[in-house]
Amino acid sequence: STISKNSLKSSLLQLECHFTWTLLKQDVDLDDLEETIGNQIEFLIKSNITNYNLLSYVCHLKNSNEEALRYLQKAEEVVQKSHPDEIARRSLVTWGNYAWIYYHMERYEEAQAYVNKVGNSCKKLSSTAQWKIQLPEIYAEQGWALLKFGAKYYNRAKDCFENALKNEPQNPEFNAGYAITMYRLEDFSRRQCENVSLSLNPLKRAVQLNPKDTFIMALLALKLQDLRKVDEGERYIEEAMQKTPDLPYLLRYAAKFYRRKGEADKALEILKKALAVTPKSTFLHHQLGLCYREKLFQLKKATRFPPQKQVEELVRLSIFHFKTAIDQKTKFFSAHTDLANMYAEVKRYEEAEESFQKAFQINILSYSDKQELYYHYGNFQRFHMKSESEAIRYYMKGLKIEKDSYGRNKCRNALKKLLKQRIHEGLGDAEDFGTLGLVHNLSGEKLEAIECYEAAIALQPDNEEYLSAIVELRLSI
């Protein structure tokens, strides 16, 4: 071909589109993502240009470039219908994706044609731009894509929506994207014990600007529930349920609201209704599993000898839904640990062990996920496998990741309790005192750490490790 591949590649890299936004396929489950976007196209009223462009990229990652091109055609049809006066402005990302996909198909002439199309449009839209133009819609589109690729990307998504809002602070869709991102980031920082509610105002503002968007209303309700304003939250849920009684995106969050409120039966009713509409939703299956688990715990609390048949049925349903969620979305971390704990609860230890091992293999765990996992696995070793030494080993792994989170606190508290109990029962050896010393040390409790190390040395006078730990601690006080 007459086109130089190198110059083509260098202009491709300058385009603003999914191929240049570093969205890595190892961070998501592609089949699940495809299912999710498909559902959103069907049920949400948002602009589908964004969804079709993203679907084209997902198809490319799954090696079906022909299908990717079909989705780009659909994006173009939506642009022509919804924005006939701004075709170029609304198509830059679509054309960028076209150029990249043709390049990967080795159809270099067509790739170059789309590169030129983007270049010419940018020049017309702005005197300074060659390939890139800082449009708020493009920032927002990048924000939505980043959100779909998971927690690793949330901070970048937040920057994108902030950039979009600089130019159009009143834009309902940009405000919605920003509020959703803040809500998710907060959920993430809550697991890291930072008590913040930065998302409350963005959610309220988004609801004012998007009175039809019941999905955001439901997020606001959950946020209010977090802040113990349950009645105010419930008013939003009820209003949303009147506006869109059949929208699966609202129903899933309404169910979560009622489950957390302790109304498991009401939550189940809502979830079953949503499942009839989106039967493959991993979110719904996970929530169903949690509801059946909740009912199981309630049953065990209410009576000393709960009817065996009822217990077995709740266990069966809970396991079924957790498994369905994981089959569809292999990297669904909390569903893995919930399933493992459920197996342990009913003494199916081999399956529990297998589920834990699968969770350990997920390649996108954040540090707070890892700490949480070490905590649960430590409990499994301690209460089910009756191995206190293994439990200590795993709690310790969680504590040694020196970043604070709920999971780390749970590891720390479990360790202190277990070691003190061993020492109290007269089972404690030098190693237990030494480990407790390390726990205190990692928690910044230096005097308690010295006491423990001294007790360890009394039992093992020539232990170099404990002696040098004491010296170091004394110097640092």
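The values are calculated or read from the model by the stated rules, or taken from the named source; none is laboratory data. This is a predicted model, so every value here is computed, not measured. No Cβ is skipped: glycine too gets one built from the backbone with ideal geometry, and neighbour counts run over all protein chains shown. Accessible surface is based on the protein model in full, side chains and every heavy atom, while ligands, DNA and RNA are left aside. Shrake-Rupley method; radii C 1.70, N 1.55, O 1.52, S 1.80 Å.
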Any pair with Cβ under 6 angstrom, 6 or more apart, that starts in the range 202-218 at a residue that is under 22 Å from L251 (Cβ atoms) and ends at one that is open to solvent by 30 Å² or more (accessible area, probe 1.4 Å): N210/P172; T214/K243; T214/T244; M217/Y236
Look through L198, L146, L185 and report the one residue that is part of a loop (DSSP other than H, G, I, E, B) and either crowded, with 19+ Cβ neighbours inside 10 Å or among the hydrophobic types (A, V, I, L, M, F, W, C) (or both). L198
Of the residues T278, T282, which is among the β-branched types (V, I, T) and open to solvent by less than 10 Å² (accessible area, probe 1.4 Å)? T278
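Okay, residues lined up against (1) in contact (Cβ under 8 Å) with a residue 24 or more places away in the chain; (2) not charged (D, E, K, R):
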{"position": "L275", "(1), (2)": "no, yes"}
{"position": "L299", "(1), (2)": "no, yes"}
{"position": "T303", "(1), (2)": "no, yes"}
{"position": "Q310", "(1), (2)": "no, yes"}
{"position": "K323", "(1), (2)": "no, no"}
{"position": "Q361", "(1), (2)": "no, yes"}
{"position": "I364", "(1), (2)": "yes, yes"}
{"position": "Y374", "(1), (2)": "yes, yes"}
{"position": "N379", "(1), (2)": "yes, yes"}
Can you find, within the range 4-29, the residue that is surrounded by the fewest Cβ atoms within 10 Å (Cβ to Cβ) among those that are touching a residue at least 40 places away in the same chain (Cβ under 8 Å) and more than 25 Å from P136 (Cα to Cα)? Q26
Specify the residue that is modelled with the highest pLDDT; the eligible residues are those in the range 30-65 that are open to solvent by 30 Å² or more (accessible area, probe 1.4 Å) and among the charged types (D, E, K, R). K62
Go through (1) over 18 Å from L147 (Cβ atoms); (2) open to solvent by 20 Å² or more (accessible area, probe 1.4 Å); (3) of a type in the set (A, V, I, L, M) and name the single condition L72 misses. (2)
Got a sec? Which of K295, K300 is at negative phi, open to solvent by 80 Å² or more (accessible area, probe 1.4 Å), not assigned by the TED database to the domain that holds T36 and not aromatic (F, W, Y)? K300
Selection within the range 344-359 - under 23 Å from the mean Cα position of the chain (by Cα) and surrounded by fewer than 18 Cβ atoms within 10 Å (Cβ to Cβ): E354, Q357, K358
